[in-house]
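Okay, so here's the structure we're looking at.
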Amino acid sequence: MIDPNASRFAYSYPLLIKNIINFALQFNGEKEIVSFNNTKINYKILYSRIKKLSKALTELGVKSGDTIGIMNWDCHRYLECFFAIPMIGSIIHTINVRLSDEQILYTINSAENDFIIIHSDFIDVINKISSKIVKPISIIVIGEGNKPINFKSNIKIKQKYNYEILLRNSDDNFKFSDFDENKLATRFYTTGTTGNPKGVSYSHRQLVLHTLGVMAGLGSLASDSRLHKNDVYMPMTPMFHVHGWGFPYVATLMCLKQVYPGKYEANNLLNLINDEKVTFSHCVPTILTMLLASANKRKMKFK
């Protein structure tokens, strides 16, 4: 006779984002992740940087449940934040940099950001809205080259840090704990709606199930649209837009070669497609139209 209570002794496997990257590392930790600034790392280095960032954030005082906003172009650092922030129990707020300054301000205040990780290209936006940010925040800056970084004196900044220096001074001796899979992992805000942008949040469980669903759905297609282990993935839907439709998580779980293009400039996108042999992407019609028009001018054909 089967014990009706036997299931209570079974191990409850939590659907946590950390298990996406852990699973990928079992396949090929040497697969490349390419960034627009000619940075090339592999999955082993990615995971090491995720652990360094996680340790640095916790040492700065980031706690479970805190919200960390990010304003950045699509790159390997954005991917690191996709994992590191929720993996320590915090919430990543992917700030839509294409919103108006007032709408960006609204989302920062609505999400109650504790930290903001910001590319130097967006410092001017923060300066414009700084006096109206309600909650004092700490800023982590991502800089490119020797571009000076200047904040207005009236910004409510508790502390200012440099992203790469934080990682350089950290180490990857960090262990990620298990917690409730229903814990919030991400937050973003809608566009194209009436009134102010509307906040939407996703849990670890929802994101892992979405990742598995997309992988199963696209992997079963008998067509050119099929996503498989030999594909080279490059997003053309920004990572702030519904997690890049969730594909960065899917590509990581499948341990694909990934290419992150930074700003969506047609010639740069075409160069990356050609140079890195990109085979799978996704975008809205306006981006596709821009890409095809530029390719036509260059007499470039897609295989």
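This model, with +1 at the C-beta of Lys and Arg and -1 at the C-beta of Asp and Glu, gives the chain a dipole about its Cα centre of some 400 debye. Which shape class applies to segment 166-236: rounded if a/c is under 1.5, otherwise prolate when a/b exceeds b/c and oblate if not, where a ≥ b ≥ c are the square roots of the Cα gyration tensor eigenvalues? Note, shape of segment 166-236 comes out oblate.
Between Ile287, Ile116, Ile140, the Gaussian network model of the chain with springs among Cα atoms under 10 angstrom shows the greatest mean-square fluctuation at Ile287. Of the residues Pro261, Met239, Gly195, the one whose Cα sits farthest towards the positive end of the charge dipole of segment 192-303 is Pro261 (charges of +1 on Lys and Arg Cβ, -1 on Asp and Glu Cβ, taken about the Cα centre).
Across all directions, the shadow cast by the convex hull of segment 39-85 built on its C-alpha atoms averages 3.5 square nanometres.
Only DSSP H runs of four or more residues enter the estimate; each adds -39500 (n - 2.57), and after division by the residues of the chain the mean residue ellipticity at 222 nm equals -10500 deg cm²/dmol.
What residue among Ser225, Ser203, Ser138 shows peak mean-square fluctuation when the chain is described by a Gaussian network model with Cα springs under 10 Å? Result for the chain, Cα springs under 10 Å: Ser225 fluctuates most.
Only Cα pairs under 8 Å and 6+ residues apart enter the sum, and on that basis the relative contact order of the chain stands at 21 percent. Spread over its residues, the convex hull of the C-alpha atoms of the chain is 171 Å³ per residue. Using Cβ point charges alone (K and R +1, D and E -1), the dipole size of segment 1-122 about the Cα centre works out to roughly 540 debye. Over segment 152-288, the fraction of Cα-Cα pairs per 10 Å bin, rounded to whole percents and listed from the shortest bin up, is 9, 27, 35, 23, 5, 0.
Here the 3J(HN,Hα) profile of segment 118-127, calculated from phi with Karplus coefficients 6.51, -1.76 and 1.60 at θ = phi - 60°, is 9, 6, 4, 4, 10, 4, 4, 5, 4, 4 Hz, Gly and Pro shown as x. The GNM of the chain, with springs linking C-alpha atoms under 10 angstrom apart, assigns the highest mean-square fluctuation among Leu221, Leu269, Leu105 to Leu221.
Over all orientations, segment 26-120 has a Cα convex hull whose mean projected area works out to 6.7 square nanometres. Distance cut-off 22 Å, Cα to Cα: go down the list Lys40/Lys160; Lys40/Lys229; Lys51/Lys263; Lys52/Lys160; Lys52/Lys198 and report the pairs above it. Exceeds cut-off: Lys40/Lys160; Lys51/Lys263; Lys52/Lys198.
None of the figures in this text is laboratory data; all of them are computed from the coordinates on show. In this text, all values refer to a predicted model and were calculated from it rather than measured experimentally. Glycine gets a Cβ as well: all are built from the backbone with ideal geometry, and neighbour counts include every protein chain shown.
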